[in-house]
Amino acid sequence: MDVSLSQSTVRGTARAPSSKSYTHRAILAAGYASEAVVRDPLLSADTRATMRAVEGFGGTVVRDGDDLHVTGFDGRPDVPDDVLNCENSGTTTRLVTATSGLADGITVLTGDESLRSRPQGPLLEALDDLGGRAESTRGNGQAPLVVKGPIEGDSVTIPGDVSSQYITALLMAGAVTEEGIDVELETELKSAPYVQITLDVLESFGVEATQTDDGFSVPGGQTYDPDGEYAVPGDFSSISYLLGAGAVAADGDLVVEGAQPSAQGDTAIVDIVERMGADVDWDREEGTITVERSALSGVTVDVGDTPDLLPTIASLGAIADGETRIVNAEHVRYKETDRVAAMAEELTKLGAKVTEYEDQLVVHGDESDLVGTTVDGYGDHRIVMALSLVGLVADGETTIQGGEHVDVSFPDFFDVLYELGADVRR
C-alpha cells in the first residue's frame, strides 16, 4: 500500500499504542505461567506471532476486549504440531527459540524473507552449550532453525553487541530449567534497556533474575506467577513518531497520552527532541507529553542503547538546522532491514544531504532542501513512520511505499496522523 502525505500541520491529542517490547515478553511470560491476563497489550503483526507461538507450545490465547486471557504451558512447552512461522518478528523468533529448547523433541522455526536474513547464531550456540541441539538449516546462523531439547541449566557465554534478545530468551527460559542459567557477556552489551525491560517483566511474574558483574543470572526451578494479571505500558518507540510530528508540524499543542515512565530506553526521545530545541513538557505522573512546533537544531546522539530511535532521529535531523550525528549505530544494520543504509538512501531521495559510515549516520540539515518524492519503506514499520515525518514538511507530495507495514507496531498510525490534521491519502 502506498501512502501519500503533503505539507500539513497537526494538533490535538493522540494515544500511543502499548509497548511492543513489553507485550512480547508479557505474552510469552503468561505462556510460561499456568494462566494470566495480559491487559492493554499491543495487538500487531509481530505480537500475534508470539501469541501463535504460545499456542504452538500448548497454551491458548483468547482476546477479550482490550485484554488477552492466556492459559499457559506452565513451564513445560509441548513440541509444536507444525512449523512455528514467526513471520517478520525477530523478537518472537529469538525468544521462542529458547522456549523450543525446553521441549522434549524437535521444533522448527522460520519466517519471512527479512527474518530469514537476521543473525541467530550466538543463540543457537548457547542452546548447544546448554545440552540441546540447535541448528540453522542453511548453516549460516539464520532461519529456518531446528531446535531439539530439553536443555539443561548451566553457564553460557554470548556476545552482547549483536542482539540483547539472546539474553532475554535465555533468562526467560532459564527460570524453568532445573539449575538456571548464568549468561556471561563476551562483549559490551548494546541495547541494555531492553534487558531491563525483561527483568521488569520477570519480576512482575514472580521470577528472580539479576545482573552480575559479567552478565546476567537466573536461578532455576522457578514458577511464573503474575498474581492474576499484568498491564502493559505505553510504547516510547511509537511515541517518538508522534513527538517528532509535533516538534516539526504542530499548530498549537500536540498532546501524547500513554507516556508513563518505564524501563524503555526509548524514553530518551523526550530528552533528544528537547536538546534539538523542541518545546516539550512531560507530565510523568499523568503520563502525557505536550509538544509544540519549534525550530530544531542538530545534535549528536548515541543509539547504542536505543537502536529503534535511529530512523526518527535521522528524519528530524533532515528537518533541523545544522548537523545531526547518530553514532554507535552499527547494530542498527541488523534489524528488519539495514536501517542505517535505508535512511541514508531514502532521505537523500527527499533532498537531504546525508553521510553514511559503518557505525554512524550524519545528516546535514543546513545542506538539505526537502522536496516530496516516492520513497521505499523497505517493508520496515520504523522506516515508514520516520519518513512520514519528512512528508509533513517537505515541499510537494511524499509517497511512501509499503505503508501497510506499520501494522507491526502501530497499526493505526496513519489514522492517528489524519485525525490530528495531517494530509494523508491511501
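The values are calculated or read from the model by the stated rules, or taken from the named source; none is laboratory data. Small disclaimer: the values here were computed from a predicted structure and weren't measured. So basically every Cβ, Gly included, is an ideal-geometry build from the backbone, and we count neighbours across all protein chains shown.
Below, the figures for the structure above:
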item: Test: residue in the stretch 331-351 that is among the small types (Gly, Ala, Ser), surrounded by 17 or more Cβ atoms within 10 Å (Cβ to Cβ) and under 21 Å from the mean Cα position of the chain (by Cα); result: yes
item: From the options ALA209, ALA231, ALA250, ALA268, residue that is at pLDDT 95 or above and more than 24 Å from LYS190 (Cβ to Cβ); result: ALA250
item: Lone qualifier among ARG76, ARG116 - being in contact with a Leu (Cβ under 8 Å, 6 or more places away or on another chain), farther than 29 Å from GLY287 by Cα, of a type in the set (Lys, Arg) and in the same structural domain as GLY180 (by TED's automatic domain parsing); result: ARG76
item: Every pair of residues 6+ apart whose Cβ atoms lie under 7 Å, when the first sits in the stretch 63-91 and is surrounded by 15 or more Cβ atoms within 10 Å (Cβ to Cβ) while the second is basic (Lys, Arg); result: ASP67/ARG39; GLY90/ARG118
item: Per-region count, the stretch 160-178, residues touching a Phe, Trp or Tyr at 6+ places or on another chain (Cβ under 9 Å) and either of a type in the set (Ser, Thr, Tyr) or at pLDDT below 95 (or both); result: 5
item: Residue check for ARG118: surrounded by 24 or more Cβ atoms within 10 Å (Cβ to Cβ), within 27 Å of VAL406 (Cβ to Cβ) and either among the aromatic types (Phe, Trp, Tyr) or touching a Phe, Trp or Tyr at 6+ places or on another chain (Cβ under 7 Å) (or both); result: no
